[in-house]
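The values are calculated or read from the model by the stated rules, or taken from the named source; none is laboratory data. Given the structure is predicted, the values throughout are model-derived calculations rather than measurements. Glycine gets a Cβ as well: all are built from the backbone with ideal geometry, and neighbour counts include every protein chain shown.
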Amino acid sequence: MTKKLTTSWGAPVGDNQNSITAGRRGPTLIQDVHLLEKLAHFNRERVPERVVHAKGGGAHGYFEVTNDLTQYTKAAFLSEVGKKTPLFIRFSTVAGELGSADTLRDPRGFAVKLYTEEGNYDIVGNNTPVFFIRDAIKFPDFIHTQKRDPKTHLKNPNAVWDFWSLSPEALHQITILMSDRGIPATWRHMHGFGSHTFKWTNAEGKSVWIKYHWKTEQGVKNLSSELAAELAGTNPDYHIEDLHNAIEAGDYPSWKLCVQIMPLEDANTYRFDPFDVTKVWSQKDYPLIEVGRMVLNKNPENYFAEVEQATFSPGNLVPGVDVSPDKLLQGRLFAYADAHRYRVGANHNHLPINRPVVEVNNHQRDGQMNPTSNGGGSVYYEPNSFGGPYESKQDQQATFEVEGYAASTPYDNDDFYTQAGDLYRLLSSEERANLVNNIVAAMKGVTIPEIVERQIQHFYKADPEYGTLVAAGLGINVPEEV
Ligand code: HEM
């Protein structure tokens, strides 16, 4: 039987097609409270889009442990082979707005929320193992250059390449972004990475440094710049549609999760700072070790409720997993939860998509839009004499030593070129040609010669052929100073 239409306060609606007017012609009466509520709620349908990673799509699935790594971490969701943990994933582009095209050249977000028995564990990564910058203090400036120019409201290649050419640590990620991998064919056909270094600690309190790699089981496939540009016009939601259709058809995409594991003491002697997120750890030094498998098998029932309101944070950690001193990661520990309080509200973790599967017991109360029973009459402070929830000392973060002076200190490794050059030299001649063409196309809009010259010097220092070919593509010679 068709249900009765109701107002938001549950009363039956008498007429949903004609507003109440004085006489046949009107004017409209303010006493049509259903009309007022309908118009007013519509005005409030949008929450602010994510300041970065605004355009995306998501899916539900599960993670299954395939290898026993309990010698390295006490995290309960990894405690035995065969254990399954439900999860939600959101894929995204970074710079574009909510309605922008999926096939733009941009890193892809790869954010996984694992609903574990010890609370939510979020791995908020990208499809690239490195990042453009390595200190959070540079992030707002960097993103300003990726977004629209405040005066023209256009993308500004001068700003993009000015910032990059003055931030040589970006070269490695620029090389990945401009390579064939810069535009994945679909979200199903790309790897994911935790990118940062994290710390795992086992039941005996012994820790190791780790890096996460999600390996696509669909194989890596990319789009040519030409096809991507065409799709951006004909089907800007190409990646959302692909994921949705694959899952609807029962063709469930999957990824293998692997880790690289570094003994704690190696961090003091490795040939570069292993916490520097602009660099990868050699897989010869620290080979990939399998952990488990992720399968995506259910589409969201409602985009806004699940995808738009999902709040992922690198600070959502569980016992057995901690952060590293990576200066970019440290800043992210503030940025995400702060964005969530602003974008979704202080009680965002009570929403069904963000709510842990375990009971939440704490002393937080009240706040706008608290949809729970708000703790009822239970104890709302600690310490207390009434059996309220108590801290559990065994679940503290692993302790660590610190040294030196408190100061604004840069990373001490200034080798921006070796890994970018190594990556260039790994590419086939066709892949190198594509890389150079993509860079030339992206730099064509730069109107200030010093910016172009400064950037070409970086390419040249990574590999003379790399710099020479980009310069030739732009119709200039490699600048003198190199
Ligand atoms: C989203 C900040 C670096 C991956 C976001 C959001 C903020 C943010 C504020 C929006 C969150 C929201 O509204 O829900 C930062 C800052 C960074 C940084 C300050 C550096 C200091 C990174 C890095 C990665 C990354 C290095 C990947 C390794 C993501 C992803 C999302 C995101 C995947 C989208 C999450 C989702 O799907 O909801 N970032 N970010 N970010 N960031 Fe970052």
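Mind checking which pairs have a first residue in the stretch 115-126 that is farther than 9 Å from Phe312 by Cα and in contact (Cβ under 8 Å) with a residue 12 or more places away in the chain and a second that is more than 16 Å from the ligand (Cβ to nearest atom) and of a type in the set (Asp, Glu), Cβ under 9 Å, 6 or more apart or different chains? If the second residue must be more than 16 Å from the ligand (Cβ to nearest atom) and of a type in the set (Asp, Glu), the pairs left are Glu118/Asp395.
Is it the case, given these coordinates, that Val33 is without any contact (Cβ under 8 Å) to a residue 40 or more places away in the chain and over 26 Å from Ala249 (Cα atoms)?
yes
Residues of the stretch 285-295 that are under 15 Å from His213 (Cβ atoms) and either under 19 Å from the mean Cα position of the chain (by Cα) or assigned to a loop (DSSP other than H, G, I, E, B) (or both): Asp285, Tyr286, Pro287, Leu288, Met294.
Only one of the listed residues (Lys138, Lys151) is in the same structural domain as Lys256 (by the TED database) and outside any helix (DSSP H, G or I). That residue is Lys151.
Between Asn156, Asn126, Asn120, Asn202, the distinction of being crowded, with 17+ Cβ neighbours inside 10 Å, within 25 Å of Val51 (Cβ to Cβ), out of contact with any helix residue (DSSP H, G or I) (no Cβ under 9 Å at 6 or more places or on another chain) and of a type in the set (S, T, N, Q) belongs to Asn126 only.
Contact annotation: no residue pair with Cβ atoms under 6 Å, 6 or more positions apart or on different chains, pairs a residue in the stretch 387-410 that is free of Cβ contacts under 8 Å to residues at least 60 places away in the same chain with a partner that is exposed (fewer than 10 other Cβ atoms within 10 Å of the Cβ).
Taking the stated definitions as given, is Val13 surrounded by fewer than 15 Cβ atoms within 10 Å (Cβ to Cβ), within 30 Å of Ala170 (Cα to Cα) and not assigned by the TED database to the domain that holds Gln260? In short, no. Residue pairs whose Cβ atoms lie under 7 Å apart, separated by 6 or more positions or on different chains, with the first residue in the stretch 136-153 and of a type outside the set (Asp, Glu) and the second in a loop (DSSP other than H, G, I, E, B) and exposed (fewer than 14 other Cβ atoms within 10 Å of the Cβ), are Arg148/Leu154.
Restricting the stretch 78-92 to residues that are touching a residue at least 24 places away in the same chain (Cβ under 8 Å) and either surrounded by fewer than 23 Cβ atoms within 10 Å (Cβ to Cβ) or of a type in the set (Lys, Arg) (or both), the residue that is nearest to Gly233 (Cα to Cα) is Arg90. Residues of the stretch 42-97 that are assigned to a loop (DSSP other than H, G, I, E, B), within 14 Å of the ligand (Cβ to nearest atom) and either basic (Lys, Arg) or out of contact with any helix residue (DSSP H, G or I) (no Cβ under 9 Å at 6 or more places or on another chain) (or both): Arg46, Arg50, His53, Ala54, Lys55, Gly96, Glu97. Selection of the stretch 280-306 for residues being closer than 18 Å to Asn127 by Cβ and within 16 Å of the ligand (Cβ to nearest atom) yields Val280, Trp281, Met294, Leu296.
Residues that are touching a Pro at 6+ places or on another chain (Cβ under 7 Å), free of Cβ contacts under 8 Å to residues at least 40 places away in the same chain and assigned to a helix (DSSP H, G or I) are absent from the stretch 302-318. Answer yes or no: is there a residue in the stretch 458-479 that is among the hydroxyl-bearing types (Ser, Thr, Tyr), closer than 23 Å to Gly182 by Cα and either in the same structural domain as Lys155 (by the TED database) or buried (at least 19 other Cβ atoms within 10 Å of the Cβ) (or both). Checked the stretch 458-479: at least one residue is among the hydroxyl-bearing types (Ser, Thr, Tyr), closer than 23 Å to Gly182 by Cα and either in the same structural domain as Lys155 (by the TED database) or buried (at least 19 other Cβ atoms within 10 Å of the Cβ) (or both). Which pairs have Cβ atoms under 8 Å, sit 6 or more apart or on different chains, and link a residue in the stretch 1-20 that is of a type in the set (S, T, N, Q) to one that is loosely packed, with under 10 Cβ neighbours inside 10 Å? Pairs found: Thr6/Pro12.
With respect to Arg341, is the statement that it is within 12 Å of the ligand (Cβ to nearest atom) and either more than 25 Å from Pro107 (Cα to Cα) or within 19 Å of the chain's Cα centre (by Cα) (or both) true? Spelling it out, Arg341 is indeed within 12 Å of the ligand (Cβ to nearest atom) and either more than 25 Å from Pro107 (Cα to Cα) or within 19 Å of the chain's Cα centre (by Cα) (or both).
Take the stretch 244-291 and flag every residue that is of a type in the set (Asp, Glu) and under 21 Å from Leu69 (Cβ atoms). Matches in the stretch 244-291: Glu265, Asp266, Asp285, Glu290.
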